[in-house]
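Take a look at the structure set out below.
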Amino acid sequence: MSRTIPAWRTTLAAGVLAAALIAPAVPASAAATDRPDTGVDGIPALTDEHGRALTLRGWNVGDKAHSGDAALSGVTERHFRDMRAKGFNFARLLVFWDDLEPRPGQYSQSYLRKIERVLDWAEKHDVKVLLDAHQDVFGPAFGHRGVPAWATRTDGLPFTPHPDDWFSEYFEPAVQRAFTHLYEDEDLRRAQARMWRLLADRFEDHPAVLGYDPINEPMGELREGEDLATAARRIEREQVTPMYNRVADAIRSVDEDGWIFVEPTPIVGEGVPTGLGRIDDPKIVYAPHFYNGAMEAGGDYDPEARWIENYEQAVTLYPKEYKVPVVVGEWGPLDNARPNMNRFYREAMASLGRYSSGWAGWEWCYGGGYCAVDGTGAFRTNKELTAEPYAEAVAGTVRSAAYDPGARVYRLSYDSAGRRGSRVTELALPPGDWRVTARGGALVLRPAPGRALVLAAPGARVTVTVTRR
C-alpha cells in the first residue's frame, strides 16, 4: 500500500543541509551525547529511531459501541485531522481481542484491515499510534469489551452487574477469577501471546505504529483478608509482570523495534506505588493511568488533598528504579466544568511535564462526558488547556522544557546531538499566532502551520522560546 508523506517533511533534507552550512567545526570530544536518553531525575526519555527525545501528546481513540462487521466504524479520518490541527501528535488506539479473534484460532482479516485503515489516516496526518489491547471488566462475558468470551473462565462464581458503577464490577468474584485464569492457564497464556504476535507481525512495518500496550488496566483476584493496595502489588508482582514478559517475547519474535507499554493496576491512581517487577526487554515504557476516584464520580478537584503531588511521588518510583520512560496512557476527569477544574488542568499539565515523555487523554470524541471536543470540534470547557507548544522531537539532551500558561511562553533548552543521527528538533504549536526564536547558533524553519524546526550545530547549547503574540 502506498504511504503518504506530509508535505512539510520534504523541507527536512534542505534543513539538514542548511544546518551543515551554519555549523561550526566541533571537536568530537566537545560534542553532546548522541543518544539523549537521560530525562528528569534519572527517568529516561522516550526516543525515536534517530535517538531524538520524544514528547507524545494526544488522546485515546476508540469505538466501544460497535463490534463485528461494524467494528471501528465510529473512528474516522476526522479524528486524526482534528487532533493534529490542534497540535496533538499521539493516539492510543483501542483494539479488542474479542473482535480480532471471535473464535479460538480464527482471526478476523476484516478487523485487521479496519485497523490498517485507521493507521493509514494517522500516518497521513502525522500522528503516532500506540495499539492498545483494551479491556473493561474483562470482556463481553460480563457485558463489556476485551478478552473473548471463549477465553473467559469463572469456575461458576457469581457476577452481578452494577450499571451505575461499572468499575465496581471488577470486584465481582467471576471477573476476578477470569483474570486469574488468564494469568495462570497455559492455553490462555499461549492464546494471548499468539494474538499479540499476529498484531505485531501485521503492523510492525506501518510507519504510524510506535508500539504496543498488551492490556488495558490489568486487574486480578483479591485474597481473603487482603486490602486493595496489598492485593494490587501482589497481582502486579506475581501475575502481571510474568504476563508482560511473555507478551514481550511474543512481540519480539516479529518486531525488534516497537516500544512495549506496560501498565500497573488502576490502583496506582490513588498514589499507591506499583508492585511491577522488571520486564526483560530494552524498549519498555511505563504507562500508568492518572485518575482520581472522587473526580471519576463527577466531583470537583480538591487542591488541598494534594492528590497530584502524591500521585507524582508514587508513580515516578518504578521508572527511576528500572530506568524506563513514562507515558501516561489515560487521564482526564468526567466533569470538566466544575469550579476547580481550570486549576486542575494547569497543575496536572505542569506535573505531567515534569516526569513524563507524554500522555494520552481520555478521549478524543465529539460530544459530552469525557470527550475532548464538542460536535463542532471546539474544545469543551478547560480542555483547551491541554493544547500547549511542546518539542515533539529533540535532537540532543534536554536540559529543561516548560510552558508558562500565564505568560503563554514555552522555553526549551538542550545540548545539540553529536554528528551521528538527526540534528533536527521538531516543535508542535497549537492554533494561534506563535513566534519561535532560537539562540545558540540555531536556525528556525516554519515549514507548515503548527510546526517549527530547529537546526543546530553538533554540541551547541540551544535555547528555544515560543511566544504567543
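The values are calculated or read from the model by the stated rules, or taken from the named source; none is laboratory data. Everything numeric in this text was worked out from a predicted model, so none of it was measured. Cβ placement follows ideal geometry from the backbone for every residue including glycine, while neighbour counts extend to all protein chains displayed. All accessible areas refer to the heavy atoms of the entire protein, side chains included, with ligands and DNA or RNA removed. Shrake-Rupley method; radii C 1.70, N 1.55, O 1.52, S 1.80 Å.
Across the chain, the relative contact order, built from alpha-carbon pairs under 8 Å that are at least six residues apart, equals 19 percent. Judged by the ratio a/c of the largest to the smallest principal axis of the C-alpha gyration tensor, segment 217-299 counts as oblate, that ratio being 1.5 or greater while a/b is no larger than b/c. Were the residues from A305 through R343 laid out at 0.36 nm apart, the gain over their Cα-Cα distance would be 12.3 nm. Give the Debye-formula value of log10 I(q)/I(0) at each listed q (0.14, 0.20, 0.27 Å⁻¹), with one equal scatterer per alpha carbon of segment 81-145, two decimals each. For segment 81-145 at q = 0.14, 0.20, 0.27 Å⁻¹, log10 I(q)/I(0) is -0.51, -0.84, -1.11.
Summing Cβ point charges (Lys, Arg +1; Asp, Glu -1) relative to the Cα centre of the chain gives a dipole of roughly 2420 debye.
Modelled spin-label separation between Y322 and V409, with each label point placed 7 Å from Cα along the Cα-to-Cβ direction: 4.0 nm. Other residues with beta-carbon under 12 Å from the beta-carbon of F138 carry, at +1 per Lys or Arg and -1 per Asp or Glu, a net charge of -3. Within the chain, the longest run free of exposed loop sites, counting GluC sites (Glu not before Pro) that sit outside DSSP helix and strand states (H, G, I, E, B) and have at most 16 other Cβ atoms within 10 Å, spans 257-469.
Model label sites at R468 and W150, defined 7 Å from Cα along the beta-carbon direction, differ in position by 5.3 nm. What FRET efficiency comes out for Q106 versus E204 if R0 is 22 angstrom and r is the Cβ-Cβ distance? Round to the nearest 0.05. Efficiency computed from Cβ-Cβ geometry: 0.50. When segment 331-394 is described by a simple charge dipole with +1 on each Lys and Arg Cβ and -1 on each Asp and Glu Cβ, the residue from A393, S351, N340 located farthest towards its positive end is N340. For the chain, lysine pairs separated by 8 or more sequence positions, or belonging to different chains, with Cα-Cα distances below 27 Å total 19.
A Förster radius of 30 Å combined with the Cβ-Cβ distance from F167 to R237 puts the calculated FRET efficiency at roughly 0.85.
Packing, as the average of other Cβ atoms within 10 Å across residues, places the peptides 393-403, 372-382, 441-451 in the order 393-403, 441-451, 372-382, highest first. Quick note on segment 345-421: its Rg to Rh ratio, both from C-alpha atoms and Rh being the Kirkwood radius, is 1.07.
Between E184 and R81, the simple spin-label model (points 7 angstrom out along Cα→Cβ) gives 5.2 nm. One quarter of the surface of the convex hull around the alpha-carbon atoms of segment 43-160 equals 10.1 nm², the direction-averaged projected area.
By accessible area, using a 1.4 Å probe on protein heavy atoms only, the chain has 50% of its surface on carbon and sulfur. Per residue, the chain exposes 40 Å² of solvent-accessible protein surface, assessed with a 1.4 angstrom probe and all protein chains in place. With the Kirkwood sum run over all distinct C-alpha pairs, the chain has a hydrodynamic radius of 22.9 Å. Against the compact-protein benchmark of 2.2 N^0.38 Å, the Cα-based radius of gyration of segment 169-231 scales to 1.46.
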